[in-house]
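Note sheet for the following structure.
The values are calculated or read from the model by the stated rules, or taken from the named source; none is laboratory data. Just so it is clear, the structure is predicted and the values come from calculations on it, not from any experiment. Note that each Cβ is placed from the backbone with ideal geometry, even for glycine, and that neighbours are counted across all protein chains shown.
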């Protein structure tokens, strides 16, 4: 059985690669690319409505092309690299059965309820549990790399009833969404990369979190600290 992780499709293989590093004391390479879209070839027939055609068109124009590669290393290889590195502290993944985002015979579809339901689910199932387990508050996470599932979805993480992030904490994800759009599964990795490019900044001790979520509903969060 093949699972369509959709926009969460980067952090699930990342979790597997991290386990591999820990067990085998070897490096691992994670390649992340879009798992949501397919070649647009809508088959118009008498059973298809204009609403169906509009949805096909919408979801195929929703995503930008993008890919990322991440090298994970075990602690024993740390001395091969100069400067600060982001060390994974914790990763948590979850699945919640829902049909508001999904695939049907390789056709991707989403409901208008996504922006209302998904951010709350993600906050309660992976973000808050990671913070609680590590004894951290929202203010102690300085870098947030949240999947850019659209402006309205991102803004929901500002609501106190959802998570209560500040505009500053959300700004990097928002900026990259406005510049590039929705990359699907690589999107949170592009935000992380923007933090990694800040070579002139002393990041030692700074904590960050990556968050991905997509079809299924699958969601995952990764807590890291610069060392």
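Remarks
- From the list 130, 141, 100, 206, the one residue that fits, being over 26 Å from residue 30 (Cβ atoms) and touching a residue at least 60 places away in the same chain (Cβ under 8 Å), is 100.
- Of all residues in segment 10-56, those satisfying the criterion of being over 17 Å from residue 74 (Cβ atoms) and at pLDDT 85 or above are 10, 11, 12, 13, 31, 32.
- Of all the listed residues (123, 93), the sole one being in a strand (DSSP E or B) and within 15 Å of the chain's Cα centre (by Cα) is 93.
- Residue selected from segment 161-190 under the condition more than 17 Å from residue 11 (Cβ to Cβ) and in contact (Cβ under 8 Å) with a residue 40 or more places away in the chain, by the criterion farthest from the chain's Cα centre (by Cα): 161
- Residue in segment 85-92 that is out of contact with any strand residue (DSSP E or B) (no Cβ under 8 Å at 6 or more places or on another chain) and modelled with pLDDT under 95 present: no
- Any hit, segment 138-152, residues being at pLDDT 95 or above, part of a loop (DSSP other than H, G, I, E, B) and buried (at least 16 other Cβ atoms within 10 Å of the Cβ): yes
- Residues being crowded, with 17+ Cβ neighbours inside 10 Å and assigned to a helix (DSSP H, G or I) - total across segment 175-191: 7
- Inspection of segment 105-118 identifies at least one residue that is over 23 Å from residue 206 (Cα atoms), part of a helix (DSSP H, G or I), modelled with pLDDT of 90 or more and in contact with a helix residue (DSSP H, G or I) (Cβ under 8 Å, 6 or more places away or on another chain).
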